[in-house]
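Any read-out appearing in this document is the output of simple, stated calculations on the displayed coordinates, not a laboratory observation. What you see is a predicted model, and the numbers here were worked out from it, not measured in a lab. Counting neighbours? That spans all protein chains shown, and the Cβs are built from the backbone with ideal geometry, glycine included.
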Amino acid sequence: MKIEYLKSTKVVYFRRVGIYGTENKLLMQSFKKWVKAEELFQESTILGIALDNPQNTPAKDCRYDVCLITDKKRFKDNVEQRTLAGGTYAVFKVAHIEKVIIDFYMNIAQTIAKNQLNVLSKPIIERYKQNPVDKGYCEILIPIEQK
């Protein structure tokens with residue numbers, strides 16, 4: 001684990017609403033095709049953000065965004081854009097394997113306790129940077145209060 005401060009950043013994104021799971025994976029695949037069509041894939045950073053906690057929000061209302069960090073303002077297709085607020089995150093590098101990522105989330109309470117993290121009520125971010133992904137890794141960023 002490492003601690004990292006993320007500055008506010010501009011993103012473009014696709015959103016889906018509904019139960020988290022397979023459909024999020026399909027959204028990610030669709031988004032990657034769009035990013036490649038826009039010729040933005042090289043050295044890209046893609047984020048997966050579950051905006052709602054399924055323990056507090058009905059599954060049918062859970063929102064999931066797939067984002068690309070970019071300063072580009074015009075695109076071939078219409079796409080949503082916004083600025084993600086900055087903040088401090090505990091960053092965990094995990095194998096980019098579905099089972100490993102699911103296991104991380106299943107054990108997140110123990111991970112938070114073990115690392116004595118003071119977690120903020122903000123979404124957890126999955127970060128897919130080109131170089132680590134090429135090496136088989138992604139990162140899970142948990143929002144924390146800066147000490």
Exercise for the section: Under 9 Å between Cβ atoms, at least 6 apart or on separate chains: pull out the pairs that start in region 16-43 with a residue that is among the polar types (S, T, N, Q) and end on any residue that is surrounded by fewer than 17 Cβ atoms within 10 Å (Cβ to Cβ) and in a helix (DSSP H, G or I). Expected result: 42/130
Handout entry: Identity of the residue in region 1-34, in contact with a Phe, Trp or Tyr (Cβ under 9 Å, 6 or more places away or on another chain) and β-branched (Val, Ile, Thr), that ends up nearest to residue 108 (Cα to Cα)
Key = 3
Fill in the blank from the handout: The number of residues in region 116-147 that are among the charged types (D, E, K, R) and surrounded by fewer than 18 Cβ atoms within 10 Å (Cβ to Cβ) is 6
Fill in the blank from the handout: Apart from one, (1) within 19 Å of residue 122 (Cα to Cα); (2) of a type in the set (Asp, Glu); (3) in a loop (DSSP other than H, G, I, E, B); (4) out of contact with any helix residue (DSSP H, G or I) (no Cβ under 8 Å at 6 or more places or on another chain) all hold for residue 4; the odd one out is (3)
Handout entry: Matching residues in region 42-65 - criterion: being within 16 Å of residue 138 (Cα to Cα) and surrounded by 13 or more Cβ atoms within 10 Å (Cβ to Cβ)
Key = 44, 45, 46, 47, 48, 49, 50
